[in-house]
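The next block holds one structure in the form of structure tokens; read it before the comments.
The values are calculated or read from the model by the stated rules, or taken from the named source; none is laboratory data. On a predicted model such as this, the values are computed, not experimentally measured, just so you know. Quick reminder, even Gly has a Cβ in these numbers, built from the backbone with ideal geometry, and neighbours come from all protein chains shown. Keep in mind that these areas ignore ligands, DNA and RNA; they rest on the heavy atoms of the full protein, side chains included. Shrake-Rupley method; radii C 1.70, N 1.55, O 1.52, S 1.80 Å.
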Amino acid sequence: MFDKFLSKIEYVGGKISTLTYVGAIRVAFVKLMPIIILGSFATLLNNVLCSPTNGLPALSSNLLFLTDFAPIFTAINYATMNFLSVFVVFLVAQALGKIRGIDDIFAGIIGIICYISLVPTSVTRVFDVATESYSLSGESLGEIVIPNALAVNYTNTRGMFLVMIVGIFATEILTKLLKSGVMNIHMPESVPPNVAGAFEVLFPSITVAGLFGVLGFVFQKLSGLNISDGIYKLLQIPLESIMQHPAGVIVLALLCQVFWLIGIHGAQVIGIVKDPIGLAAIAINLEAHEVGKHLPNVFTYTFWNTYATIGGSGCTLGLLIAIFFLSKRADYRKIGGLSAIPALFNINEPLIFGLPLVLNPILAIPFIFAPVISSIIGYIATSIGFAASAFITVPFTLPPLVNAFVSTGSFKTVIIQLICILVSAAIYAPFVIAANKQAGEVI
């Protein structure tokens, strides 16, 4: 019965992991990660160096001049975190264009054009009584409309799911039109190749952009909403609500580990859901932190790295501790020694495939449940306010304990992560002992 279940999971996971669109989205988010980290660290440096309440200027009046440099970091953060949707639609379309064999840069540009054609290009500002200035919301005593402008709601992470959809469909339609040759304008051979190429893509580009423009217009007329707001309410808000509930985090952790257990890269399979939601959540936390408000989201991109993948998928840093203290098997200790350094940077493929953990009947149970238990501990500690919510995106290769502090600025978060490491080691311990007995070793 269990073998049949694993067989079905393997089939589904294999299909998902080989989907072209999943691959394109995965490539896009890998390329996007340095940009997100740049924006997050700009905020971190702003707090440390320029904040008059939390940074160096708070320590001495002689350092108050540092507050003058805050606009530098604010500008960097704005240029990164508030344009993530634009970056994603370009990168998804670019990645898919490369797969389909067309000009990938041009595909990315068309993706941006198609997305912007779907969202409002004017911003309404109302007079806010509290601040006595015009803002995007407030008690209206009058309003002004700014034409030819994009509201930040349509360029930040709020549009994340729509931009992935647009990047895929725009590139697929463009590819079909270009490869069919029906709309291509063929220039004489005497025309330089660059000029001829521009004319060949002219009508396919106009057609693709026109289709998306019409789609946005029709959706607005039928629903009374622009398509970005519609997708956000229909798809993204429900998914975000699910992932901010402990059950959503548990299910995601379980799925990730089951895929890993049968040899499929679980993090990549679930990444199509986890990464957009996690990045959107941490961007919202960052905005709240900048204005001194409560950070609303427990689950974020960094929450996953802090609690569900300590030492890599499966919280295998705990497994290594159990091996070093309890294992009498020469093969386990040898592989553990070779895997220790990579594990400190949350890279555990040597352990997963070298031990192996894949299809391992003894270590399967702790491999599945250690990250689930760790995630539950982290979720509860964050929900009750002991551990802090993350507002800084850090590289997944940042070592445990360090990533907990840098992402939240809280030593209490470090304590909770340390507890999770010890709990994971305790979960793995009896199964490591069982592996000793299986090999005929005496403890």
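Summary of values
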item: Residue within segment 266-277 that is of a type in the set (Asp, Glu) and crowded, with 20+ Cβ neighbours inside 10 Å present; result: yes
item: Pair list, Cβ under 7 Å, 6 or more apart: segment 166-181 residue in contact (Cβ under 8 Å) with a residue 12 or more places away in the chain, other residue in a helix (DSSP H, G or I) and of a type in the set (Lys, Arg); result: Thr171/Arg100; Thr175/Arg100
item: Criterion: aliphatic (A, V, I, L, M), free of Cβ contacts under 8 Å to residues at least 40 places away in the same chain and assigned to a helix (DSSP H, G or I) - qualifying residue of Leu222, Leu279; result: Leu222
item: Yes/no for Gln236 being under 14 Å from the mean Cα position of the chain (by Cα), of a type in the set (S, T, N, Q) and either surrounded by 16 or more Cβ atoms within 10 Å (Cβ to Cβ) or at pLDDT 85 or above (or both); result: yes
item: Residue in segment 31-51 that is farther than 26 Å from Thr155 by Cβ and either part of a helix (DSSP H, G or I) or in contact (Cβ under 8 Å) with a residue 40 or more places away in the chain (or both) present; result: yes
item: Every residue from segment 387-443 that is among the aromatic types (Phe, Trp, Tyr) and exposed (fewer than 14 other Cβ atoms within 10 Å of the Cβ); result: Phe411
item: Within segment 297-323, considering residues that are within 20 Å of Ile384 (Cβ to Cβ) and polar (S, T, N, Q), the one most open to solvent (accessible area, probe 1.4 Å); result: Asn297
item: Some residue of segment 358-377 being buried (at least 21 other Cβ atoms within 10 Å of the Cβ), over 26 Å from the mean Cα position of the chain (by Cα) and not in a helix (DSSP H, G or I); result: yes
item: Output for segment 396-414, where each listed residue is β-branched (Val, Ile, Thr) and in a helix (DSSP H, G or I); result: Val402, Val406, Thr408, Thr413, Val414
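Residue by residue, here is whether (1) over 24 Å from Ala435 (Cβ atoms); (2) at pLDDT 90 or above holds:
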{"residue": "Ala283", "(1), (2)": "yes, no"}
{"residue": "Tyr301", "(1), (2)": "yes, no"}
{"residue": "Ala308", "(1), (2)": "no, yes"}
{"residue": "Gly311", "(1), (2)": "no, yes"}
{"residue": "Ile321", "(1), (2)": "no, yes"}
{"residue": "Tyr332", "(1), (2)": "no, no"}
{"residue": "Leu338", "(1), (2)": "no, no"}
